[in-house]
Structures are given as structure tokens and as C-alpha cells.
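Encoded as C-alpha cells, the structure appears first; notes follow it.
The values are calculated or read from the model by the stated rules, or taken from the named source; none is laboratory data. Remember, predicted model here, so these are calculated numbers, not experimental data. For neighbour counting, all protein chains shown are included, and Cβ atoms are generated from backbone atoms with ideal geometry for every residue, glycine included.
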Amino acid sequence: MRRIGITGSIATGKSTLLAAFAKCGVPVFSADEAVARLYAGEAVAPVEKLFPGVAENDVINRAELARRLAADPSGFQRLEAIVHPLVRAEIVRFLEAAEKQGHDLAAVEVPLLFESGHNYGFDTIAVTFVDETIQRQRILARPGMTVEKMESLLARQMPQAEKKQRADWLFDTARPIADIEADVAARVADIRTRRRDQ
């Protein structure tokens, strides 16, 4: 089974690309969605212990957590030490299940794939990108976003140019969604044809 890792900087269209793979019948996994599940489950107790008062009704209040992290960015490392291993375990389970079910490929979106330094064992890395002006417009359009918060988020991420150099596949998501979907469909069809011909 071909394991495809999807990554890219904030607001560069990772979710759009993941949805395009799903449209082709490829099983997909979103690390962001996994974090949301964990913040309502397994991660609540350890995160609340680390940042007392961020849990409300057994769910992590992400706005309050973001406020704490903005005030003390050193907390990111401690938070990631709790959350990242839990997400990685979910990814392993997802990939094993997809292979067991006989799928020919599976796609996993990991926003901090390169930054984490963790080897997920992906066969192909797909990187999303957009012009930096578009990226900044998209980020600032998000609810509750400020220029300061945006700069803090960007400072924690590898520059887009470096991510692009590490990519096997590149997707410019400023293009129309139909074009992105057609590009993905062609790549998926090519992989499936090659597997049938082996």
C-alpha cells in the first residue's frame, strides 16, 4: 500500500488536498481532526494538568489554550510532548487498518510533518503551497486571528520554500479546486494502474 503524507504551512490548503484524495475513494486521516478528538478524550487530563483551567466540561477549550500558549510559547513543546505521540499512535492504527482492508493507497495529513522530525514511513510526501500574500490573507481571515498570532504561528513553521524542496509532489492550492481534484485523480489512477500491472 502506498502511504502518502500531506503537509504544508498554515493556510496552504492541506484540507483541500486531503478532500481531493477522499473524493477518489482513498482512505484519509487528518491529524487536526485527531487532535480535536483527543481534546475531547484521551488528552484532556494530561493537558489540563499541564495548563490548569483549560478544560471545561471534560473538553479542552482551544481558545483558552491558545491564549496561554501566546503568553508563554515555551508551552508548545510541553503540549506537543503529550499530544504528538497520541496522534502518531492513531496514524499507525489508521494505516494498518487501511492496509488490512486491502486499500492500494492511503493519505495522512500532518501539518508539522517536517518540523516534528518524526519518520512516519510515508512513501510519498505531498506538499501544499500558495503565494505568501495569499497565505497571509487566508490566515488573517480566520476567526480571532491577529497579526501577532499569525507571526507567532509562522515563526514555528519551516519556510514554505524549504518544504517545497523536500516534496515528492507539489500542489499549488491557489488554483481552482476542480484543477486540484483532477491532478489528484490522475496521480491516484497512475498508482492504481502501476499496481495492477505489477
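Below is a table of values for the structure above.
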{"item": "Output for segment 25-42, where each listed residue is part of a loop (DSSP other than H, G, I, E, B) and surrounded by 19 or more Cβ atoms within 10 Å (Cβ to Cβ)", "result": "VAL26, TYR39"}
{"item": "Any chance ASP197 is in contact with a Gly (Cβ under 9 Å, 6 or more places away or on another chain) and charged (D, E, K, R)", "result": "no"}
{"item": "Filter result for the condition that a residue is under 22 Å from PHE114 (Cα atoms) and either touching a residue at least 12 places away in the same chain (Cβ under 8 Å) or buried (at least 17 other Cβ atoms within 10 Å of the Cβ) (or both), over SER74, SER9", "result": "SER9"}
{"item": "Condition met for ARG194 (closer than 18 Å to PHE21 by Cβ, at pLDDT below 95, among the charged types (D, E, K, R) and surrounded by fewer than 16 Cβ atoms within 10 Å (Cβ to Cβ))", "result": "yes"}
{"item": "Residues located in segment 110-135, provided they are without any contact (Cβ under 8 Å) to a residue 24 or more places away in the chain and more than 12 Å from ARG88 (Cα to Cα)", "result": "GLY117, THR133"}
{"item": "Single unsatisfied condition, GLY117 versus (1) modelled with pLDDT of 95 or more; (2) within 26 Å of LEU86 (Cα to Cα)", "result": "(1)"}
{"item": "GLN157 under 18 Å from the mean Cα position of the chain (by Cα) and either hydroxyl-bearing (Ser, Thr, Tyr) or part of a loop (DSSP other than H, G, I, E, B) (or both)", "result": "yes"}
{"item": "Within segment 13-55, tally of residues that are acidic (Asp, Glu), under 16 Å from the mean Cα position of the chain (by Cα) and either modelled with pLDDT of 95 or more or under 17 Å from LEU105 (Cα atoms) (or both)", "result": "1"}
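For (1) under 18 Å from the mean Cα position of the chain (by Cα); (2) assigned to a helix (DSSP H, G or I); (3) acidic (Asp, Glu), each residue gets a yes or a no:
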{"residue": "VAL92", "(1), (2), (3)": "yes, yes, no"}
{"residue": "GLU96", "(1), (2), (3)": "no, yes, yes"}
{"residue": "VAL108", "(1), (2), (3)": "yes, no, no"}
{"residue": "ILE125", "(1), (2), (3)": "yes, no, no"}
{"residue": "GLN135", "(1), (2), (3)": "yes, yes, no"}
{"residue": "ARG138", "(1), (2), (3)": "yes, yes, no"}
{"residue": "GLU148", "(1), (2), (3)": "no, yes, yes"}
{"residue": "ALA161", "(1), (2), (3)": "yes, yes, no"}
{"residue": "ARG175", "(1), (2), (3)": "no, no, no"}
